[in-house]
Amino acid sequence: MNKRKESLSICVACLNEEKNLRATVDTIFKANEMFHYDLDIIIFNDGSTDGTLKVAHQIAKESSKVRICSHNSPKGIGTVFVKGIILAKGSYFSLFPGDHQITKEYMVSLFQEIGKADLILSYPFNEEIRSFKRRMISKTFIKIYNLLFGLNLKYYNGPAFFRTELLNQIPFVTRFFSYHAEAVVKFIKSGFSYVEIGGLLKERDYGKSSALKFHSFLGVLLGTFTLFVDIKFFLGKAFARKPKPNSET
């Protein structure tokens, strides 16, 4: 297959992912073998205390497509996302967690939609791999966001690719766990086109997710309130355009 015209910047966010990082990056390269996009992989070490940074440097030595950014202490995945956008060189940008939960097949499904819309959204087909508590929280989150912002999305926090030049126009007001939902809402409410596709997640090979920790939950609540106030009372006109959903796969 010929090399694709679009280029992809993928920020791999890592907080103590020493045992998962290499597999995550390897999977990105393997998924791209079908497409040959010009890859720009940014391994972002968010203050890890294990050997994550050492593994990142080993990977970067092996490929000119990989570069490293690092925090001395954790700043949060929302901060990593916003800084990743600034660093991005590709025409599309995405943040992948370094936990190796996104399968090669999932990545391929995302990659093949590049260029068909300004935003490639995704949702997991197999939510049953997550705990009942997390599934219920996720369903409630989706219903609330759809109601608050007049959307009808299946999911807000799955892996996604944004057209970088358009994402750079979005003003972010939160760095909490709701950062991705803010990006999705403001992007779509700006009138940019989008598609939604499904994919299969896998269990983490090592470690546990921090998504259900109390501080993360509080961050989501505060981030949701801040986003609603921002759009409702300050930026309503800027984010009041009719969304442009493309065909769904």
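The values are calculated or read from the model by the stated rules, or taken from the named source; none is laboratory data. Because the structure is a prediction, the values reported are computed rather than measured. Glycine also receives a Cβ, built like all others from the backbone with ideal geometry; neighbour counts cover every protein chain displayed.
Screening Gln112 with (1) at pLDDT 95 or above; (2) within 13 Å of the chain's Cα centre (by Cα); (3) not aliphatic (A, V, I, L, M) gives one miss only, at (2).
What residue, among those in region 1-54 that are touching a Gly at 6+ places or on another chain (Cβ under 7 Å), among the β-branched types (Val, Ile, Thr) and in a strand (DSSP E or B), is farthest from Thr164 (Cα to Cα)? Of everything passing the filter in region 1-54, Val12 is farthest from Thr164 (Cα to Cα). The residues of region 66-121 that are in contact (Cβ under 8 Å) with a residue 40 or more places away in the chain and of a type in the set (S, T, N, Q), listed by number, are Thr79, Ser91, Ser94, Gln101, Thr103, Ser109, Gln112.
For (1) touching a helix residue (DSSP H, G or I) at 6+ places or on another chain (Cβ under 9 Å); (2) modelled with pLDDT under 95; (3) at positive phi; (4) of a type in the set (Ser, Thr, Tyr), each residue gets a yes or a no:
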position: Ile77; (1), (2), (3), (4): yes, yes, no, no
position: Lys83; (1), (2), (3), (4): no, no, no, no
position: Phe96; (1), (2), (3), (4): yes, no, no, no
position: Met107; (1), (2), (3), (4): yes, no, no, no
position: Ser131; (1), (2), (3), (4): no, yes, no, yes
position: Ile137; (1), (2), (3), (4): yes, yes, no, no
position: Tyr145; (1), (2), (3), (4): yes, yes, no, yes
position: Gly150; (1), (2), (3), (4): yes, yes, yes, no
position: Phe172; (1), (2), (3), (4): yes, yes, no, no
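Among the residues of this structure, Asp99 does not count as one that is buried (at least 21 other Cβ atoms within 10 Å of the Cβ) and either under 13 Å from Glu196 (Cα atoms) or more than 16 Å from the chain's Cα centre (by Cα) (or both).
Yes/no per residue for (1) closer than 26 Å to Tyr37 by Cβ; (2) touching an Asp or Glu at 6+ places or on another chain (Cβ under 9 Å):
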residue: Asn146; (1), (2): no, no
residue: Tyr155; (1), (2): yes, yes
residue: Pro159; (1), (2): yes, no
residue: Leu166; (1), (2): yes, yes
residue: Val173; (1), (2): no, yes
residue: Tyr179; (1), (2): yes, no
residue: Glu182; (1), (2): no, yes
residue: Leu200; (1), (2): yes, yes
residue: Glu203; (1), (2): no, no
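Within region 139-153, is there a residue that is among the charged types (D, E, K, R), in contact (Cβ under 8 Å) with a residue 24 or more places away in the chain and surrounded by fewer than 22 Cβ atoms within 10 Å (Cβ to Cβ)? Looking for residues that are among the charged types (D, E, K, R), in contact (Cβ under 8 Å) with a residue 24 or more places away in the chain and surrounded by fewer than 22 Cβ atoms within 10 Å (Cβ to Cβ), one finds none in region 139-153, hence no.
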